[in-house]
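Single-structure report; data block below.
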Amino acid sequence: MKRIEIYENGINIVFEITDDNEAKLLHFSALPFDEAKTASYMGLKTFRPVEIQASGIDRPDERHGNKYIVTAPGWRMKFKDFRDVNNDLGRKLELVTFDEGTGLEAVSHYQFYTGTSVVRCWTTLTNKGNEVQTIEYMSSFALTGVEKEGLKKPEDKMKIWVCHNSWQRELQWQDYTLEQVGLASSAKPTEQRSSKVFACTNVGNWSAKEYIPMGVLENTEAGSVLFWQIEQNGSWHWELSDVGGHFYLQLSGPSEIESHWYKDLAPNESIESVKCAVGSVAGSFDKAMGELTKYRRKIRRRNKDNQRLAVIFNDYMNCLWGDPTAEKEFPLVDAAAEAGCEYFCIDAGWYADGFWWDEVGEWKESRKRFPNGVKEVADYIRKKGMIPGLWLEIEVMGIKCPLVDTVCDDSWFFTRHGKRVYDRSRYQLDFRNPKVRAHADEVIDRLVSEYGIGYIKMDYNIEPGIGTEQNCDSIGEGLWGHEKAYLEWLDGVFARHPDLIIENCSSGGLRMDYAMLSRYSIQSTSDQDDYK
């Protein structure tokens, strides 16, 4: 048996390599490790650092329902290597485990960031065998024993914080006891196990339509706080439950049960899980959020608007409500300039002669609304000392868009059951398609070059559901592929136009995740238009 004890940035981490060559993650906390607190009828058997479920392998012992414990081959992974290095961000740990039967090799990454008690965690899975392995689930972070500090029963000391989120009801933090979420003790503490899972899950492309992808677990007796965020702009899952006399936390991206994702991993092929951030402090909820804020500032795209924090006027809410015209804009420009605004954004409708909703997609000005073109108003905005902006919804195409039947074929769009996916009179564009990305690039570059646009309010008002069936192993994989391609596209836009400010709107805050927020310039936090 071998122990690896790490203390970095206020976090204590303890790994163990057993006599059977199994790797265990025994501890991740701001408080020191106490060996006695790991006691249970199953010993350290359940303290696995990674859970992986592949098709066609038995799951023995106490799976109990849909819980991601005793996964296969996760339960039988053996230790292969441990690496401890330093890079430009800080210290980095890599725990390598493997399964001889399938040839699957997992690297569990733990990247510290100097100066903050937060670790970025993810898993890289490689098929080093000779057969295709179908992956149904892989954890980004797994920790057993989250309740072990202190002497009280878990339901008497543990508090779980959830950030509820929805349109016009954003960012609603609520705390619960374990009893309130159905996880009260039902056996002796050292023998606690059940089929109940308390989980927060998102399925689809609106990453925050019900919950912000983060959470906090507070031990009120010991004064320790464990907190996390999942940095994924689509489907994600985290769960808290009991196993072998302890409680565990697991974080992941899409999965087969929750979000229709699986991946056929060919020999020599690798897949990387979504990234998440996990931290621990001795103290309060507020202290935890302070550490998370430090980390978020470290992973943010470096740009001038981080420091400038310009004053922006947008003409939509409680103003033009998607019915702009040149005549209406000129007096607003005058008023905004007089008030000291630095950016003036023309919102939805500038491209449509009629109703603005279902014509989106071509992004060419309406001469009915702007007889002399949008450039006339944009030039006037600049004359008044402000930078002009426009509203876009680049990921969708309305069913009345002229391009739908003339330029686009089904490969441009999400499809399921052989048919295009509709939502609210729009189609979802598939950014894995090079033609879609080229179209999006042409729009951005044209607006910047022809109108002198320096600000884009990037909206997103549909939920296309579980994904697309084209060019993928599973519908959920199609969705995840689109999401990764969209982020790569966005990185390219900022590389070409470093001074461009792009607001992450998404129906007033329905994609507030740190895959998006680490890139975008500014976040629209609410569509709540009733100030009372």
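Since every read-out is calculated from the coordinates, none of them should be taken as a lab result. All values reported here derive from a predicted model rather than from experimental measurement. Here the Cβ is made from the backbone with ideal geometry for all residues, glycine too, and neighbour counts use every protein chain on show.
What is the Cα convex hull volume of segment 2-299 when expressed per residue in Å³?
Working: hull volume 37.1 nm³, N = 298.
Cα-based convex hull of segment 2-299, divided per residue, equals 124 Å³.
If you build the Cα gyration tensor of segment 305-523 and take the root of 5 times each eigenvalue, what three semi-axes come out, in whole angstrom, biggest first?
Equivalent ellipsoid semi-axes, largest first: 30, 19, 14 Å.
All other residues with a Cβ under 13 Å from the Cβ of Val448 taken together, and with Lys, Arg as +1 and Asp, Glu as -1, what is their net charge? Each step should come with its number before you reach the end.
Working: positive: Lys375, Arg446, Arg496; negative: Asp441, Glu442, Asp445, Glu450, Asp499.
Result for the neighbourhood of Val448: -2.
Just to confirm a number: summing +1 for Lys and Arg and -1 for Asp and Glu over residues other than Pro402 whose beta-carbon lies under 13 angstrom from that of Pro402, what do you get? Spell out each step's value before the answer.
On the way: positive: Lys364, Lys400; negative: Asp353, Asp358, Glu359, Glu362, Asp405.
Result for the local shell: -3.
With a sphere of radius 12 Å drawn around the Cβ of Ser521, what net charge do the other residues whose Cβ falls strictly inside it have (Lys, Arg +1; Asp, Glu -1)?
Once all neighbours under 12 Å are counted, the net charge is +4.
Need one number: convex hull volume per residue for segment 453-505, Cα atoms only, in Å³.
It comes to 87 Å³ per residue, whole-number rounded.
Between Glu450 and Tyr176, what FRET efficiency follows from the Cβ-Cβ distance if R0 is 56 Å, with the result rounded to 0.05?
0.60
On average, how much area does the Cα convex hull of the chain cover when viewed from any direction, in nm²?
Approximately 25.3 nm², given one-decimal rounding.
Which whole-number percent is the relative contact order of segment 358-404 (Cα, under 8 Å, 6+ apart)?
62
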